[in-house]
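The values are calculated or read from the model by the stated rules, or taken from the named source; none is laboratory data. What you see is a predicted model, and the numbers here were worked out from it, not measured in a lab. Methodologically, a virtual Cβ is constructed for each residue, glycine included, from the backbone with ideal geometry; neighbour enumeration extends over all protein chains shown. Each accessible area value is taken on the protein alone, full model and side chains, heavy atoms only, with ligands, DNA and RNA left out. Shrake-Rupley method; radii C 1.70, N 1.55, O 1.52, S 1.80 Å.
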Amino acid sequence: MRGAGQDGGRGPRTVGSTLRAYVALTKPRIIELLLITTIPTMFLAAGGFPSLWLIIATMVGGYLAAGGANALNMYLERDIDAKMKRTRKRPIPSGAVTPRAALIFGLTISAVSALWLGLLVNWVSAALAVGAILLYVVFYTMILKRRTSQNIVWGGIAGCMPVLIGWSAVTGTVSWTAVLLFLVIFFWTPPHYWPLAEKFQDDYANAGVPMLPVVSSRSNVARQMLLHTALMIASSLAIIPLGETGWVYGVAAAASGAWFGFLVVRYALRVRQGLSGKALAPMKVFHGSITYLTVLFVALAIDPFVTL
């Protein structure tokens, strides 16, 4: 087994390359998306700017929690990652970090995240972060991913937790608005992730992971994407009558929801026509989903500062 200080037989690794490998264990690009949802939620909960220290403390704790969960996910899925072209260059299968080192790293920063949030934010946020880690590592990675095609649906609950953490960081509790934001991300996750699984379905099939696009027909995947998208849009609009948001969020939710809904409907129609590959263009839905969520939460952040 290659050590953490070796790079696939090419000689000793530098300090910089080792640090980059450990950062890669946290999946920073995924965490960027999670943090985008946390800060706007904090703005809405505060009705303006929370204290800068609270934002920083919550972001650091949230990053550590998500990073710890991701590192443990890579440790548990190292056999899968080694079989997939998309993931075989990750730190463990590439030999940049040993499995034991990744396990220790993941457990350590997960524990630090709970203590950080509990001592510097509040214990409600800390408990929610611990719940998110357990949901992702145990419920999704260890139980669901290799056993059911609905893995990403229920496993996606962990990715919804940052809005609850952000809200509780400001208020010390969780409101119905926060719950609906949670549902927006919950229903958003399948139409976001399944197009990616569609593109890499051969990889998932070779690794023995039963993602829905691998084990089901494209028409069934498209129908489920339509259902989840409709529920996502409904959840985003249901926030408006609660009175926490204003016209900026309302316009953005309606417009971005209609736009992303169009992308998913177009995808479903292309499936019905029997198109595949570039003609089906699943990645347009994937990238569109990121744009949708970004627009929605940017509007959420701006909304408390704009009044008519």
- request: Would you mind pulling out the separation of the Cα centroids of the stretch 253-308 and the stretch 93-172, in Å?
  value: 27 Å
- request: Quick one: grab Rg to one decimal and Dmax as a whole number for the stretch 154-210, Cα atoms only, in Å.
  value: 15.2, 46
query: log₁₀ I(q)/I(0) of the stretch 267-308 at q = 0.19, 0.35 Å⁻¹, via Debye over equal Cα point scatterers, no solvent, to two decimals?
result: -0.63, -1.06
field: Cα shape, the chain, gyration tensor, a/c 1.5 rule
entry: oblate
message: With an 8 Å Cα cut-off and a minimum separation of 6 or more residues, compute the relative contact order for the chain in percent.
response: 20 percent
message: If you count only protein heavy atoms with a 1.4 Å probe, what accessible area per residue comes out for the chain, rounded to a whole Å²?
response: 45 Å²
field: Shape of the stretch 94-229, Cα gyration tensor, a/c cut at 1.5
entry: oblate
Inverse mean reciprocal Cα-Cα distance (Kirkwood Rh) of the stretch 22-171, Å: 15.6 Å
task: Heavy atoms only, probe 1.4 Å: what % of the accessible area of the stretch 147-282 goes to carbon and sulfur, would you let me know?
output: 64 percent
task: Label the stretch 110-151 by shape, choosing from rounded, prolate and oblate, from the square roots a ≥ b ≥ c of the eigenvalues of the Cα gyration tensor; if a/c is under 1.5 it is rounded, and otherwise prolate applies when a/b is larger than b/c, oblate when it is not.
output: prolate
task: Among the listed pairs K145/K278; K85/K278; K27/K145; K83/K199; K89/K145; K27/K89, give every one whose C-alpha distance is greater than 23 Å.
output: K145/K278
statement: In whole percents, the bins of 5 Å from zero upward hold the Cα-Cα pairs of the stretch 189-248 as 4, 18, 21, 15, 12, 10, 8, 7, 5, 1
query: Can you pull the percent of the stretch 63-117's accessible area that's carbon plus sulfur, 1.4 Å probe, other chains left in place?
result: 65 percent
query: So, by mean Cβ neighbours within 10 angstrom, what's the order for 103-114, 34-45, 120-131 with the highest one leading?
result: 34-45, 120-131, 103-114
- request: Could you tell me what fraction of 2.2 N^0.38 Å the Cα radius of gyration of the stretch 151-308 comes to, as a two-decimal ratio?
  value: 1.11
field: Zone residues, the stretch 277-296, relative to L237, backbone N less than 19 Å from point 7 Å out along Cα-to-Cβ
entry: 292-293, 295-296
